[in-house]
Amino acid sequence: MNTKNILTFAILFAAFGIQAQETKNTKKPNIVFILADDMGYNELGSYGGKIIETPNIDQLAKEGMKFSNHYCGSNICAPSRGTLMTGKHTGHAYIRDNKPLPYEGNEPIPASEITVAEILKTAGYTTGAFGKWGLGYPASEGSPNNQGFDQFYGYNGQIHAHNYFTSYLRKNDLVELNANIDAPYSVYSADIIKDRALEFVEVNKNNPFFLYFCPTLPHNPYHQPDDKTLEYYAKKTGFPIGDAHSEEFSVPKYAALSSRLDQQVGEIMAKLKELNLLDNTLIIFASDNGSALTKEEDSYLRTGGDLRGRKSEVYEGGIKSPLIAFWKGKIIPGSSSNHISAFWDFLPTCAEIVKAKTPENIDGISYLPTLLGKTDNQKQHDYLYWERSQSQAIRKGDMKANFVYDKTTQKQNIEIYNLAQDPFEKNNLAETMPELKAEFIKIAQTARVESEIFPLVKKAKKAKVKTH
């Protein structure tokens, strides 16, 4: 080959390499959202946890971004997941509380709702949900397959999900019986769901995909196999295991459930790396609400740290969520953000990533600029809003108002806290800040529309009149 031919070949080869790199850089990123079930804000090692070991999730934080002011969609399961899917806070969302039906499943979100899965599917993504759904009974307009998901595997509703050794799971809307139905302790649903999620990644490795991985870990009951992780925590903590298959709480059983979730996150990361997908995948990890452990149960594990409140409450311990985002080459490794955000921001973030139109009637604001380190371009919320079961909460800047329902007086007590100075909500400023109190009261009235199915104030049941 003469010098001219060598030079021509070199130029063509270089051009091909540049084109290949540009194609790689412009390819739509895979999106993986991992949702823990009832994980406390301070449970992870990267968020201050001291007992439970979560090396894989902590590695995500080390190589990605950790948020310190991120919030769940609600203080309980179904409405929290509803805000994640629809981009609406619970003052506007259709689902505002858990409402299990007499048959399997929950009150469905209507067909008119636009979910993040539908947006991504329109943008050419294959979509899959694996774990617990809770937003519509099988074959209803709110079932995963009717809300933008090509594939679903797991529990349709919360009640069914309260058993890790169930005899069946749902494959899309159909029942799939476990192979060893006569030996229920041999089939562990958390592992089956994880395996199906890994299969989804393998099958769709050549196409952009959205994986919504929402297992029931570490939600009670505390069923689990008698395995080495459970034995490890029994030795580490010095607490007895008891019956591994019972619902009774124990420190090693809860710790093992959280570590099992961490192990599954590690398997998902390993699969993405094996398939050369890790360089083009956004991974987000969060929890659907605060810790469900009682103060007595949590006295050793301290999953909620010193935050006030727990699951089902509007205090920080009930609605604050860890949020970790990993995106190689896009997110600065080891970075952190105090940007105030919530679950309903996920939909517009995804829409901006894939350059799709964002629905007009949502409450979310994309946090993509924060992920990319472009904080000067990051829009801010005027406030965040939550409501459920006669209680409300509003965060506006560093100030937060809790409208807590008192069953004795049957009235709301209004509390105001400065979270920058008082993150554990100990010093109620409501009576010393009348103007701010009036402003919060106005927001509590205007940030919402009433729901017939999930009214903020439940109507008293009429007493039956006895006739003689």
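The values are calculated or read from the model by the stated rules, or taken from the named source; none is laboratory data. Model, not experiment: these values are computed from the prediction. Positions of Cβ are backbone-derived with ideal geometry, glycine not excepted, and every protein chain shown enters the neighbour counts. Ligands, DNA and RNA are stripped out before the accessible areas are found, and what is left, the full protein with its side chains, is counted by its heavy atoms. Shrake-Rupley method; radii C 1.70, N 1.55, O 1.52, S 1.80 Å.
Numbers below:
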read-out	value
Distance between region 128-205 and region 276-318 - C-alpha centres, whole angstrom	23 Å
Dimensionless Rg/Rh of region 148-265 - Kirkwood Rh, Rg from C-alpha atoms	1.00
Label point distance in nm, Asn69-Phe249, each placed 7 Å from Cα along Cα→Cβ	3.2 nm
Relative counts (whole %) of C-alpha pair distances in region 319-415, using bins that are 5 Å wide	2, 11, 19, 20, 16, 12, 8, 5, 4, 2, 0, 0
Peptide ranges 153-163, 378-388, 424-434 listed from the most packed, as the mean C-beta count within 10 angstrom indicates	153-163, 378-388, 424-434
Mean projected area (nm²) of the alpha-carbon convex hull when region 43-138 is viewed from all directions	8.6 nm²
For region 229-304, convex hull volume per residue from C-alpha positions, Å³	121 Å³
Kirkwood hydrodynamic radius of region 224-357, Cα pairs, Å	17.6 Å
The chain, accessible area per residue, ligands and nucleic acids excluded (1.4 Å, Å²)	46 Å²
Principal axis box of region 358-435, alpha-carbon based, largest edge first, Å	47, 30, 23
Cα centroid separation, region 326-354 to region 81-112 (Å)	24 Å
Carbon and sulfur %, accessible surface of region 342-461 computed with the full protein complex present, 1.4 Å	48 percent
Over region 102-256, relative contact order from alpha-carbon pairs under 8 Å, at least 6 apart, %	21 percent
Convex hull (Cα only) mean projected area of the chain, reported in nm² to one decimal	29.6 nm²
Accessible carbon and sulfur surface of region 95-193 relative to its total accessible area, %, 1.4 Å	55 percent
Tail beyond 25 Å, pair distance distribution of region 77-213 (Cα, percent)	25 percent
Net length gained if the chain between Glu352 and Glu274 were fully extended (0.36 nm per residue, minus Cα distance)	25.3 nm
